[in-house]
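Report on one structure; see the data block that follows.
The values are calculated or read from the model by the stated rules, or taken from the named source; none is laboratory data. Predicted model, so just to flag it, every value in this text is computed and none were measured. Reconstructed Cβ throughout: ideal geometry from the backbone, glycine too, with neighbour counts over all protein chains shown.
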Amino acid sequence: MQVIWREETIPIDFSFMEAVNAQSGQQIQLCYHCHKCGAGCPVVSFMDYTPDKLFRMAQLGLKRQVLSSSTIWLCAACHTCAARCPNDIDVTKVMDSLKEMAQKEKIKASRRIAPLFHRAFLSNLRRFGQIHEASLMAVLKLKTFSFFRDVMLGLKMFRKGKIVLLPKRTKGRKQIRKLFKEIRRRAEIPAESQ
Ligand code: SF4
Ligand code: SF4
């Protein structure tokens, strides 16, 4: 059996779906594409494929297309999809596993900004124990050379007190660092990718 993907004919290969299931502990073949996950996802409009479309691609074995998708990096891990799925598929866990697989296989994302944001977000969280938006934005601007993009929006947020210049000290900062260390040890993720 074959699947036609954008004028390319690709043989259907279930081994990728099995690998995703093994990594995430989920059964993505149970997905019957009711679209409930995508309908509730707060960032779906920024994704290149909706979560259920990505699952269909994974079911068909479109490994490269799935692992290079910006969808997996834009997922904010809010768990809305997992709560809505009638088949009890923890979509969030699958997204996390896909990120790990993409990192391990060194597959580049279709939009460079997506994994950059993900890594900057995690590194900010590890450093301050909570997200400090001002430094997160500064790091992203430096990495993407987009210094003037969204400046007006940033100013508006600053005026409303949504962005503070200095980070607050978080009580559980040490524990959060320990958590990061442990996750990295278990997943064998090199320090520079977090
Ligand atoms: S809610 Fe569940 S079954 Fe429905 S499309 Fe999403 S993953 Fe598939
Ligand atoms: S966990 Fe990710 S995919 Fe699921 S609803 Fe939230 S952002 Fe969307």
(request) Would you tally the residues in region 83-97 being closer than 11 Å to CYS41 by Cβ and more than 14 Å from the chain's Cα centre (by Cα)? (result) 1
(request) Quick one: count up the residues across region 48-63 that are under 17 Å from ALA102 (Cα atoms) and in a helix (DSSP H, G or I). (result) 7
(request) Among residues belonging to region 80-101 that are surrounded by fewer than 21 Cβ atoms within 10 Å (Cβ to Cβ) and of a type in the set (A, V, I, L, M), point out the one that is nearest to SER15 (Cα to Cα). (result) MET101
(request) Output the number of residues of region 54-79 satisfying the condition of being touching a Leu at 6+ places or on another chain (Cβ under 7 Å) and of a type outside the set (A, V, I, L, M, F, W, C). (result) 2
(message) Being in contact with a Leu (Cβ under 7 Å, 6 or more places away or on another chain), outside any strand (DSSP E or B) and in the same structural domain as ARG84 (by TED's automatic domain parsing) is the requirement here; does ILE10 meet it?
(response) no
(request) Please work out if GLY154 is over 16 Å from the mean Cα position of the chain (by Cα), surrounded by 13 or more Cβ atoms within 10 Å (Cβ to Cβ) and more than 25 Å from ILE4 (Cα to Cα). (result) yes
(request) Take the residues in region 44-56 that are modelled with pLDDT under 95 and of a type in the set (A, V, I, L, M), then tell me which one is nearest to ligand 1 (Cβ to nearest atom). (result) VAL44
(message) Can you confirm whether PHE16 is among the aromatic types (Phe, Trp, Tyr), crowded, with 18+ Cβ neighbours inside 10 Å and either within 11 Å of ligand 2 (Cβ to nearest atom) or touching a residue at least 24 places away in the same chain (Cβ under 8 Å) (or both)?
(response) yes
(message) Quick check on my filter: what residues within region 27-47 are touching a Ser or Thr at 6+ places or on another chain (Cβ under 8 Å) and part of a loop (DSSP other than H, G, I, E, B)?
(response) HIS35, CYS41, PRO42, MET47
(request) Hey, can you tell me all the residues within region 64-79 that are surrounded by 21 or more Cβ atoms within 10 Å (Cβ to Cβ) and either within 12 Å of ligand 1 (Cβ to nearest atom) or part of a helix (DSSP H, G or I) (or both)? (result) VAL66, LEU67, THR71, ILE72, TRP73, LEU74
(request) Tell me the helices (runs of 4 or more DSSP H) entirely within region 85-190 that contain at least 2 residues that are more than 16 Å from ligand 2 (Cβ to nearest atom) and without any contact (Cβ under 8 Å) to a residue 40 or more places away in the chain. (result) 113-128, 133-144, 151-159, 173-187
(request) Select from region 162-190 the residues that are modelled with pLDDT of 85 or more and surrounded by fewer than 10 Cβ atoms within 10 Å (Cβ to Cβ) and list them in ascending order. (result) LEU165, LEU166
(request) Could you tell me whether SER45 is outside the structural domain of ARG119 (by TED's automatic domain parsing), within 17 Å of MET95 (Cβ to Cβ) and either touching a residue at least 60 places away in the same chain (Cβ under 8 Å) or surrounded by 18 or more Cβ atoms within 10 Å (Cβ to Cβ) (or both)? (result) no
(request) For CYS31, state whether it is touching a residue at least 40 places away in the same chain (Cβ under 8 Å), within 15 Å of LEU98 (Cβ to Cβ) and more than 17 Å from the chain's Cα centre (by Cα). (result) yes
